[in-house]
Amino acid sequence: MNAPAATPQGELEAIATLRRRLGSAAPAQLAALGDTALLALPKTAIFCSARCPGSVILAAYDQAAQWRDTGRCVISGFHSPVEKECLRILLRGSQPVIICPPRSIPTRTPPEWRAPISEGRLLLLSFFKDGPHRPTTETAQRRNTLVAALADEIYIPHASPGGHLQSLLQVIRLWAVPIIPQPPTREPVTLRQ
């Protein structure tokens with residue numbers, strides 16, 4: 001008879017953090033594809049509203065490049081346009097990344113994710129083990145709560161007034177998770193002819 005496999009330490013720490021921050025709303029288990037040891041690393045979460053000013057976009061891309069260059073582990077749903085571009089920037093590096101989709105783990109992973117997963121530097125992590133297979137507003141909000149609960153610090157380039165991130169910000173403040181201050185915004189450069 002085979003003994004059950006031991007749960008990796010990173011996963012145990014993540015579950016303990018989720019229970020501490022989410023209480024009874026914490027999942028009993030998470031679905032994962034990739035190296036769950038990444039959960040033991042210090043993690044920075046990124047959240048950004050879908051619509052934001054151009055100057056904020058440039059600052060977010062600069063921040064993603066800095067994380068890439070310094071090897072910082074970044075966790076996010078990478079769902080909004082700014083978050084997606086930050087993921088593209090991060091995947092060009094060698095630092096760890098944790099992607100939390102607002103649905104179950106996809107059965108077919110995008111080609112650009114395969115090498116980072118096999119190298120042990122990309123983890124897909126989901127609240128949802130057996131579905132849903134399509135994201136909804138509700139699953140995106142649950143995913144954002146998961147990401148915030150696992151983060152050691154949070155970076156929010158832009159949160160639209162009255163948007164979903166505003167209510168998440170209130171929860172983040174209750175948990176006392178540090179929020180990275182915004183760098184000064186820079187205006188897009190226009191070329192003169």
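Data for the structure
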item: Exposed trypsin sites (Lys or Arg not before Pro) absent: longest stretch of the chain, with sites in DSSP loops and at most 13 other Cβ within 10 Å deemed exposed; result: 130-185
item: Folded to 0 to 90 degrees: helix 137-150 orientation relative to the chain principal axis, Cα; result: 80 degrees
item: Diffusion constant of region 32-175 at 37 °C, which comes from Stokes-Einstein with the Kirkwood Cα-pair radius and 0.692 mPa s, µm²/s; result: 216 µm²/s
item: Nearest-ten-degree value, helix 164-175 long axis tilted from longest Cα axis of the chain; result: 60 degrees
item: Beta bridges per DSSP with both ends in region 32-175, % antiparallel, nearest 5; result: 20 percent
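Coordinate-derived values only; no laboratory data. Worth saying up front: this structure is predicted, and the values here are computed from it rather than measured. Methodologically, a virtual Cβ is constructed for each residue, glycine included, from the backbone with ideal geometry; neighbour enumeration extends over all protein chains shown.
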